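Peer 1: For reference, the structure I am asking about is given below.
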Amino acid sequence: MELPYILSERSITSEAPSNIAFIKYWGALDFERVIPHNPSLSMTLTSCRSVCSATFFEGETGSDEVLLVSDEGGAPAPPQFSERILAHLDRLRAGVGKEGRFRIATRNTFPAAAGIASSASGFTALSLAAGRALGLDPSADELSALAQSSGSGSASRSAYGGYVRWPGSDTDAAEQVADEDHWPLCDLVAIVETQAKKVSSLEGHRRATSSPYFQHRLELLPERLAAATEAIERRDFAQLGPVIEEEAIDLHLVAMSSQPPVFYWGPGTMEVLAAVRDLREDGVAAFSTMDAGANVHVICEPDNAAVVEARLHSLQSVERVLVDRVGEGPVWRPGAEL
Ligand code: DP6
């Protein structure tokens, strides 16, 4: 879709992928600087992406504009959405010491509130388009650090394609473990709820350390991260699958036992988890993972994708299935076509 009202020689359009965490970021040592308690590991997605167009009017005064674009056209972003974007634009502008105003238009290629990490793809796309419009030429590492400074830790991993680790402690940037051609894993997202989650990830991170199981999960993580990384390196799904499912259950165990408790799962989540266990009993290697939401990402190898998709479609609580797979990192181009 063309947006004539932002079309300008100075416009930059970027596209950035979302990602699904295999080892999750949950709980922060420092929320200001986005320092997690533990390293995380994710797979970059292909179809679930954010597209962002940025135009910088250097030297001009006035407020930044943020438009949300959908199939129906562009509309000003509601305050709860634009607040984080405006704060990030201030941060980027201050970082290069330039004055001026931005026009931003952004859209997601996946349905809103489908439980896909739209802040990871959204802040990476925004950092790339706005950074470029400011004259920056960020490397993947620099983009990772820029995106993460938005406050969305998972965004640090969307700067790279393939399989990505965010150490979190001694460096700002994430790093690629293997590229998108290394192992063609699929992610079938079973959508069981489409309304926005009641407790934000940020609030979930804040409450996490109050769980009596938080510390125990941290103790298990080094071994889990090593096993998952090794499994990716060796393309060993029999090793990877149980690790990611166990990890997702543990994250939700911590969330549900936090003070006050956070229940992201719904009845549909349970139905999908049971169906995935049934698939395994039928000899189909598929494993579940969930981020901070009710929808379930079912991970499998390409040979099993069709049978997994058909089983998910047959479930009463599954409204739709998004079929995705591992993909490449962000890209940008001049112009403002969304
Ligand atoms: C459960 O602080 O990155 O998805 O800013 O809302 O994207 P958003 O959340 P963020 O926390 C992500 C939490 C998680 C696990 C993960 O992606 O590592």
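Just so it is clear, none of the values below were taken in a lab; they were calculated from the coordinates. If you're wondering where the values come from, they're calculated on a predicted model, not measured in any experiment. FYI the Cβ positions are ideal-geometry reconstructions off the backbone, even for glycines, and counts take in every protein chain you see.
Peer 1: Which order results if 142, 72, 337 are arranged by neighbouring Cβ count within 10 Å, fewest first?
Peer 2: With the fewest neighbours first, 142, 72, 337 line up as 72, 337, 142.
Peer 1: Oh, and also: Take the alpha carbon gyration tensor of the stretch 206-338, find the square roots of its eigenvalues, order them as a ≥ b ≥ c, and report rounded if a/c is under 1.5; if not, report prolate when a/b exceeds b/c, else oblate.
Peer 2: rounded
Peer 1: Here's a follow-up. Of the chymotrypsin sites (Phe, Trp or Tyr not before Pro) in the stretch 41-140, which ones lie in a loop per DSSP and count no more than 14 other C-beta atoms within 10 Å?
Peer 2: Of the chymotrypsin sites (Phe, Trp or Tyr not before Pro), not one in the loops of the stretch 41-140 has a Cβ with at most 14 other Cβ atoms within 10 Å.
Peer 1: Something else: Could you line up 160, 264, 25, 213 from fewest to most neighbouring Cβ atoms inside 10 Å?
Peer 2: 213, 264, 25, 160
Peer 1: A further question on this structure: Please rank 43, 290, fewest neighbouring Cβ atoms within 10 Å first, as an exposure proxy.
Peer 2: Placing the least packed residue first, the sequence is 290, 43.
Peer 1: Same structure, new question: Sequence-distant or interchain residues sharing an amide H contact under 5 Å with residue 320, placed H: which?
Peer 2: For residue 320, the qualifying residues are 191.
Peer 1: In addition: Quick check: from the Cα gyration tensor, does the stretch 95-181 come out rounded (a/c under 1.5), prolate or oblate? Display every interim value, and only then the final one.
Peer 2: On the way: a/c = 1.86, a/b = 1.18, b/c = 1.58.
Oblate, because a/c is 1.5 or more while a/b does not exceed b/c.
Peer 1: Shape verdict for the stretch 100-143, please, from the Cα gyration tensor: rounded (a/c under 1.5), prolate (a/b greater than b/c) or oblate.
Peer 2: Values: a/c = 3.61, a/b = 1.62, b/c = 2.23.
It comes out oblate by the Cα gyration axes.
Peer 1: Further, regarding this structure: At 7 Å along the Cα-to-beta-carbon direction for both residue 71 and residue 99, put a label point, then send me their distance in nm to one decimal.
Peer 2: 4.5 nm
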